[in-house]
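**Q** Input: one structure, supplied below.
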Amino acid sequence: MTIALKLFELVDGKTRQISFSPAVWRAKFALHYKNVPYESVPLTFLEIPTTIPNMCKNLTSPTVPTLQLESGEGMVDSFAIAEYLEENYPDRPSLFGKTASEKHLQRFFESYVQSKLHPAIQRMVYLPMYGMQDEPNALYFRSSREKSSGRAHDLITGNRDDNLRELKENLALVHTQLLRTGSWILGSHPGWADFVLASAFVWFNACTPNDFEEAILDAYDDQVIRNYWIKVQQYVY
Ligand SMILES: N[C@@H](CCC(=O)N[C@@H](CS)C(=O)NCC(=O)O)C(=O)O
């Protein structure tokens, strides 16, 4: 079987084996859920700007995930990739549901995860992510994150207890929803909202598994989030 789609992913500079980007994982979950075959192309941070512009015209800021279509053209952005898959594989399980309102609500949940969970995770994974890079990628990662956060290297991580508290507080609504459905965020089946949440978890776990365990899996005194994480694993490969 020839595989027509290529997914450009982000990997660590040291082993080139660890795919940790939450944005890339959204695209991977979408492909896996729809059972769409693809070839994975691993890139380090520094390879993104030298590779992605070759397949995308008029791109100002190259990022991954980028999905290269059969035509050779590159499609940037996890949400655009999910929409493309939804449109081109209508016979496969749906990411966004049947109505526009289901899609809008899932995007609202995406904004929640991004604004309420990502910041503390980002601070907690900063040093491990830095340690996962080879020297040139570590230098790039450090200077780009110092610039975007406005903080010096040693201060980006912030206070551990504050990070844990923030995550626990902001996970409360997620925990309640999982308790309510007894299954996925969406209910009996997963969708975009679940894959956005699961991608944040995969990112955290790939960079610092012990912190992930403490901050997410053990945040609440029951098995709700842990059982969710176990269910997510069927799409993690
Ligand atoms: N909105 C984009 C965000 C993509 C994005 O920011 N990707 C990051 C990896 S998580 C990236 O390519 N960063 C390049 C860099 O930091 O130099 C999406 O969801 O695809």
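The values are calculated or read from the model by the stated rules, or taken from the named source; none is laboratory data. Remember, it's a predicted structure, so these values are computed and weren't measured experimentally. Note: ideal-geometry Cβ built from the backbone for every residue, glycine included; neighbour counts use all protein chains shown. Note: accessible area is taken over every heavy atom of the protein model, side chains too, but ligands, DNA and RNA are not part of it. Shrake-Rupley method; radii C 1.70, N 1.55, O 1.52, S 1.80 Å.
**Q** Among (1) under 19 Å from the mean Cα position of the chain (by Cα); (2) assigned to a helix (DSSP H, G or I), where does Asp162 come up short?
**A** Tallying (1) under 19 Å from the mean Cα position of the chain (by Cα); (2) assigned to a helix (DSSP H, G or I), Asp162 fails exactly one: (1).
**Q** Right, something else. Report, by residue number, each residue of the stretch 47-69 that is within 12 Å of the ligand (Cβ to nearest atom) and of a type outside the set (Val, Ile, Thr). So that I can check it myself, show each step before the final result.
**A** Step one: list which residues in the stretch 47-69 are within 12 Å of the ligand (Cβ to nearest atom), which gives 47-52, 59, 61-67.
Selection gives Glu47, Pro49, Leu59, Ser61, Pro62, Pro65, Leu67.
**Q** Related question: For residues that are near the ligand (Cβ under 10 Å from one of its atoms) and not in a helix (DSSP H, G or I), scanning just the stretch 76-89, find the one that is most open to solvent (accessible area, probe 1.4 Å). Quick ask: steps written out before the conclusion?
**A** Of all residues in the stretch 76-89, those near the ligand (Cβ under 10 Å from one of its atoms) come to 76-82.
With the extra rule that they be not in a helix (DSSP H, G or I), the set shrinks to 76-77.
Numbers: Val76: 34, Asp77: 77 Å².
By that ranking, first place goes to Asp77.
**Q** Sticking with this structure for a sec: Please verify whether Leu67 is in contact (Cβ under 8 Å) with a residue 12 or more places away in the chain and open to solvent by less than 70 Å² (accessible area, probe 1.4 Å), treating the condition exactly as stated. Full working, then the answer.
**A** Working: in contact (Cβ under 8 Å) with a residue 12 or more places away in the chain: yes; open to solvent by less than 70 Å² (accessible area, probe 1.4 Å): yes.
When the stated conditions are applied, Leu67 passes them.
**Q** Now a separate question. Within the stretch 122-159, can you find the residues that are part of a helix (DSSP H, G or I), open to solvent by less than 40 Å² (accessible area, probe 1.4 Å) and of a type in the set (S, T, N, Q)?
**A** Asn137, Ser144
**Q** Name the residues in the stretch 108-117 that are exposed (fewer than 15 other Cβ atoms within 10 Å of the Cβ) and either touching a helix residue (DSSP H, G or I) at 6+ places or on another chain (Cβ under 8 Å) or outside any helix (DSSP H, G or I) (or both), would you? Steps first, answer last, please.
**A** Of the residues in the stretch 108-117, the ones exposed (fewer than 15 other Cβ atoms within 10 Å of the Cβ) are 108, 111, 114-115.
Of everything in the stretch 108-117, just one residue is exposed (fewer than 15 other Cβ atoms within 10 Å of the Cβ) and either touching a helix residue (DSSP H, G or I) at 6+ places or on another chain (Cβ under 8 Å) or outside any helix (DSSP H, G or I) (or both), namely Gln114.
**Q** Kindly provide the set of residues from the stretch 201-226 that are among the charged types (D, E, K, R) and either within 17 Å of Gln122 (Cβ to Cβ) or within 16 Å of the ligand (Cβ to nearest atom) (or both), ordered by number. Please lay out each step first, then the result.
**A** Taking the stretch 201-226 first, the residues among the charged types (D, E, K, R) are 211, 213-214, 218, 221-222, 226.
If the condition is that a residue be among the charged types (D, E, K, R) and either within 17 Å of Gln122 (Cβ to Cβ) or within 16 Å of the ligand (Cβ to nearest atom) (or both), then Asp211, Glu214 are the ones that fit.
**Q** Show the residue pairs meeting these rules: Cβ distance below 6 Å; 6+ apart or different chains; first residue within the stretch 78-101 and of a type in the set (Gly, Ala, Ser); second residue part of a loop (DSSP other than H, G, I, E, B) and crowded, with 17+ Cβ neighbours inside 10 Å.
**A** Final answer for the pair search is Ser78/Pro65; Ala82/Leu95.
**Q** Also: Condition check: of a type in the set (A, V, I, L, M, F, W, C) and assigned by TED's automatic domain parsing to the domain that holds Met129. Does Leu67 satisfy that? Explain how you work it out, then say what you get.
**A** On the way: of a type in the set (A, V, I, L, M, F, W, C): yes; assigned by TED's automatic domain parsing to the domain that holds Met129: no.
Here the answer is no, as Leu67 does not meet what is asked.
**Q** Also, I was wondering about something else. Do we have any residue at all in the stretch 171-187 that's of a type outside the set (D, E, K, R), open to solvent by less than 30 Å² (accessible area, probe 1.4 Å) and more than 30 Å from Glu87 (Cα to Cα)? Give the steps one after another, and end with the answer.
**A** Quick first cut of the stretch 171-187, residues of a type outside the set (D, E, K, R) only: 171-179, 181-187.
Still in the list and also open to solvent by less than 30 Å² (accessible area, probe 1.4 Å): 171, 174-175, 178, 183-185, 187.
Those still in the list that are more than 30 Å from Glu87 (Cα to Cα) too: 171, 175.
Scanning the stretch 171-187 turns up at least one residue that is of a type outside the set (D, E, K, R), open to solvent by less than 30 Å² (accessible area, probe 1.4 Å) and more than 30 Å from Glu87 (Cα to Cα).
**Q** Given (1) open to solvent by 20 Å² or more (accessible area, probe 1.4 Å); (2) outside any helix (DSSP H, G or I); (3) at pLDDT 95 or above; (4) within 14 Å of the ligand (Cβ to nearest atom), identify the lone condition not met by Arg92.
**A** Of (1) open to solvent by 20 Å² or more (accessible area, probe 1.4 Å); (2) outside any helix (DSSP H, G or I); (3) at pLDDT 95 or above; (4) within 14 Å of the ligand (Cβ to nearest atom), only one is false for Arg92: (4).
**Q** Additional query: Taking the criterion of being in contact (Cβ under 8 Å) with a residue 12 or more places away in the chain and at positive phi, would at least one residue in the stretch 130-153 satisfy it?
**A** no
**Q** Here is a follow-up. What residue, among those in the stretch 25-46 that are within 10 Å of the ligand (Cβ to nearest atom) and touching a residue at least 60 places away in the same chain (Cβ under 8 Å), is most open to solvent (accessible area, probe 1.4 Å)?
**A** Of all residues in the stretch 25-46, those within 10 Å of the ligand (Cβ to nearest atom) come to 25-27, 43-46.
Within this subset, residues satisfying the condition of being touching a residue at least 60 places away in the same chain (Cβ under 8 Å) are 25-26, 44-46.
Numbers: Trp25: 15, Arg26: 16, Thr44: 6, Phe45: 19, Leu46: 69 Å².
Within the stretch 25-46, the match that is most open to solvent (accessible area, probe 1.4 Å) is Leu46.
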